[in-house]
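Heads up: the structure comes next, in structure tokens.
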Amino acid sequence: MTAHSKKPMSRTIESHLEESRIYTPTAEFSKEARISSMTQYRKMYRESIDKPEIFWAREANELLWRQPWSDVLDWKPPFAKWFVGGKLNVAENCVDRHANGSRRNKAAIIFEGEPGDRRVITYGELQREVCRFANVLEKHGVKAKDRVLVYMPMIPEAAIAMLACARIGAVHNVVFGGFSADSIVDRLEDSGATMVITADGGWRRGKIVPLKENVDAALQRYDKVRKVIVHKRCGNEVSMNSNRDLWWHDEVQSCKSTHQAKAFDSEHPLFLLYTSGSTGKPKGILHTSGGYLTGTYSTFKYIFDIRENDIYWCTADVGWITGHSYIVYGPLANGATQLMYEGAPNQPDFGRFWKIIEDHGVSIFYTAPTAIRAFIKAGDHFPAAHDLSSLRLLGSVGEPINPEAWMWYQQKIGGGRCPIVDTWWQTETGAIMISPLPGCTPCKPGTATLPFFGVDAAILDEEGKECKANEGGKLVIRKPWPSMTRTIYGDKTRFRKTYWSDYPGIYTAGDGARRDKDGNFWIVGRIDDVLNVSGHRLGTAEVESALVAHPAVAESAVVGRPDELKGQGVCCFVTLKEGHDSSESLRRELREHVGRTIGAIAKPDDIYFAPALPKTRSGKIMRRLLKELVTTGEISGNVTTLDDIQVITHLQNCIKV
Ligand code: WTA
């Protein structure tokens with residue numbers, strides 16, 4: 001059995017209340033910042049809430065529109081249209097606008113591969129590559145609104161593929177390279193994709209992730225894909241189906257490096273990104289063009305306070321929303337220079353990130369608390385061996401950052417001088433919603449602080465009343481915002497039910513939170529059946545359905561438990577079918593089975609074989625009790641609805657084994 005600490009995380013509600021350290025930006029930082037005082041923030045925030053249409057029109061007007069909008073917003077809850085009637089091309093905004101102007105020879109992407117290979121791509125070159133690839137897509141019959149699945153390593157071609165889709169109005173669906181063939185099939189089927197863009201492989205911890213092989217396995221079960229374009233990254237052997245598969249380098253060679261970009265409606269679909277929910281089926285979150293680009297552009301500009309000479313680095317993967325909004329669309333819409341790194345943080349050792357920062361002079365660094373905790377564990381000597389003085393701003397995303405990790409980040413990486421922006425947002429929100437502004441917001445370690453402009457965030461109780469200071473409740477957004485998801489692809493009913501049914505006309509995020517007396521938002525974590533494992537969302541129901549698909553498993557219940565490194569660990573209770581016995585080898589097999597079915601991030605940390613699961617008289621599994629059991633080792637909560645009280649004793653014995 002895996003040993004793990006049962007120590008509760010320090011990000012509990014109690015410790016939030018205790019936190020009284022306050023950090024304000026240095027006068028030097030504030031002086032140069034776009035938003036340099038709280039008075040300025042409050043004034044702009046007020047305007048953005050009272051007159052959102054004026055605020056957002058001003059932001060959107062900094063982008064290039066081919067046709068002006070007639071109305072800023074058309075709001076028929078829960079369906080929003082932003083910049084109605086306006087037309088633009090998203091790729092033109094991210095690339096051509098800079099390439100045709102003074103940023104032609106400015107680096108757009110500085111790439112470092114895991115083996116150490118490096119490339120610099122200027123805006124001018126990016127324009128040529130995106131145009132070439134847009135021509136390739138069109139040559140193979142991809143049309144506006146067609147869905148294209150992108151399954152790529154973290155290399156510039158991932159961004160080029162996404163931008164080429166955007167350029168021709170095709171809808172990209174990026175699937176994280178760590179997901180399995182089964183997960184690819186689910187997404188192909190749900191989106192109805194007709195083209196796949198992938199690579200032979202990608203480097204991760206010195207090994208090759210067999211991307212093309214996974215695509216081949218997926219396409220045995222889905223026959224609507226006409227073409228697969230394969231970028232040669234690792235040179236590993238792959239099988240090429242001559243009717244279907246094409247090499248990227250062959251295709252671009254025969255295509256022109258110029259391409260006439262059409263303008264698309266502001267509400268034209270830009271991408272689908274699947275995320276976990278409370279059922280076994282991931283949701284296809286749909287984002288559209290004008291509003292999404294305005295939201296990512298504006299948040300990137302103010303929250304990272306981007307400057308012409310900054311070297312910005314976000315360590316997320318393009319397969320997640322952070323990679324979409326803060327590797328591709330936000331930074332490129334701002335004409336920023338960014339670093340892109342392919343591989344793992346500990347390849348060859350935990351000094352890799354710090355070496356990259358030193359080598360490339362990174363000035364803004366955006367990562368996840370789970371990575372920070374892994375670095376703390378690895379030891380201070382890794383960052384101490386590198387010159388990190390180029391850094392001026394740090395960011396955190398994906399899960400609540402515990403105060404210890406915040407302090408370490410601030411001291412050991414930021415040298416005590418860099419502000420930290422702890423950014424709260426979601427796949428569904430498209431852009432950052434709650435975050436400090438680095439030039440003015442006083443920060444307490446562990447809080448994402450205050451809402452961004454135009455974000456009417458609040459915490460409500462069950463009756464819909466706003467909670468008092470420090471009272472816990474549900475985090476909601478009361479007004480529409482430009483980068484909000486427009487729907488769940490093909491399932492408006494689920495869209496309404498999931499996000500808009502708790503309180504009329506109000507978006508429920510699925511997170512529990514509280515606000516302190518200064519108005520800071522402290523995010524406690526998910527209150528639905530979604531886990532946050534190393535900053536990645538994972539539905540407990542997805543893991544359960546993977547487990548019950550195994551021939552030995554009768555029933556399963558999955559809950560999260562605190563984990564010092566990953567935030568939450570995946571903890572599974574399993575009952576076996578007649579004729580199957582629990583054993584260490586079955587436990588291993590089930591772990592691998594879940595990894596194969598969903599992806600490595602879903603591999604269970606603990607599997608307990610139980611004679612029965614706790615159920616109500618109507619047969620519903622009481623996950624609440626299991627969660628309590630794995631968190632505290634006991635059950636003190638209400639058990640009156642439990643059908644068979646004996647089950648508890650059995651379970652307690654199971655977890656002690
Ligand atoms: C969690 C990632 C606390 C939260 C951008 C949310 C956070 C979920 C933070 C969305 C943060 C993200 N502090 N919790 N700064 N950022 N979360 O869709 O539970 O992958 O609902 O988007 O991550 O995860 P998603």
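Points to keep in mind about this one:
- Label separation (H386 vs K468): 4.8 nm, computed from points 7 Å beyond Cα along the C-beta direction.
- In order through segment 84-89: 3J(HN,Hα) via Karplus (6.51 cos²θ - 1.76 cosθ + 1.60), integer Hz, x for Gly, Pro: 4, x, x, 10, 7, 10
- Cut-off under 5 Å, modelled amide H: who pairs with K615 long-range: M622, D643, D644
- FRET efficiency for T26 and L246, using Cβ-Cβ distance with R0 set to 51 Å, rounded to 0.05: 0.45
- Relative contact order, percent, the chain [alpha-carbon distance under 8 Å, six or more residues apart]: 14
- Cα centre as origin, Lys/Arg/Asp/Glu Cβ charges: segment 532-656 dipole, Debye: 280
- Size of segment 40-100 from its Cα atoms: along the principal axes, largest to smallest, the extents are 36, 32, 18 Å.
- Distance between the modelled labels on R46 and E189, one decimal in nanometres: 5.5 nm (7 Å Cα→Cβ projection).
- Report note on the peptides 180-191, 57-68: ranked by the mean count of other C-beta atoms within 10 Å, highest first, their order is 180-191, 57-68.
- Here the Kirkwood formula, the inverse mean of 1/r across different C-alpha pairs, assigns segment 532-656 a hydrodynamic radius of 14.7 Å.
- The chain: Cα Rg divided by the 2.2 N^0.38 Å rule of thumb: 0.94
- For the peptides 86-96, 459-469, residues were scored by their other Cβ atoms within 10 Å and the scores averaged per peptide; the highest-first order is 86-96, 459-469.
- Working from Cα pairs under 8 Å separated by at least six residues, relative contact order for segment 439-561 is 21 percent.
- Each label point was placed 7 Å from the Cα along the Cα-to-Cβ direction; for R34 and R119 their separation is 3.0 nm.
- Only Lys, Arg (+1) and Asp, Glu (-1) charged, at Cβ; segment 126-265 dipole about Cα centre in debye: 340
- Segment 72-98 and segment 378-457 have their alpha-carbon centroids 29 Å apart.
- Database remark: amide H of V174 closer than 5 angstrom to the amide H of V150, L272 (H placed geometrically; neighbours at sequence offset of 5 or more, or on other chains; Pro and chain starts carry no H).
- For the peptides 116-129, 576-589, 152-165, 397-410, residues were scored by their other Cβ atoms within 10 Å and the scores averaged per peptide; the highest-first order is 152-165, 397-410, 116-129, 576-589.
- Net +/- balance of residues flanking N470 in space, Cβ distance below 9 Å, scoring K and R +1, D and E -1: +2
- Length-normalised contact order of segment 532-656 in % [C-alpha pairs under 8 Å, at least 6 apart]: 22
- Our analysis of segment 587-657 gives Rg over Rh at 1.03, with the two radii drawn from alpha carbon positions and Rh computed by the Kirkwood formula.
- Less than 5 angstrom separates the built amide H of G202 from those of V209, L211, all sequence-distant by 5 or more or on a different chain.
- Working note: 222 nm ellipticity from helices only, DSSP H runs with n ≥ 4, each -39,500 (n - 2.57), summed and divided by the residues of the chain, gives -8500 deg cm²/dmol to the nearest 500.
- Each Lys and Arg Cβ is given +1 and each Asp and Glu Cβ -1; about its Cα centre, segment 463-505 then shows a dipole of about 200 debye.
None of the figures in this text is laboratory data; all of them are computed from the coordinates on show. Because the structure is a prediction, the values reported are computed rather than measured. Please note: Cβ atoms are built from the backbone with ideal geometry, for glycine as well, and neighbour counts cover all protein chains shown.
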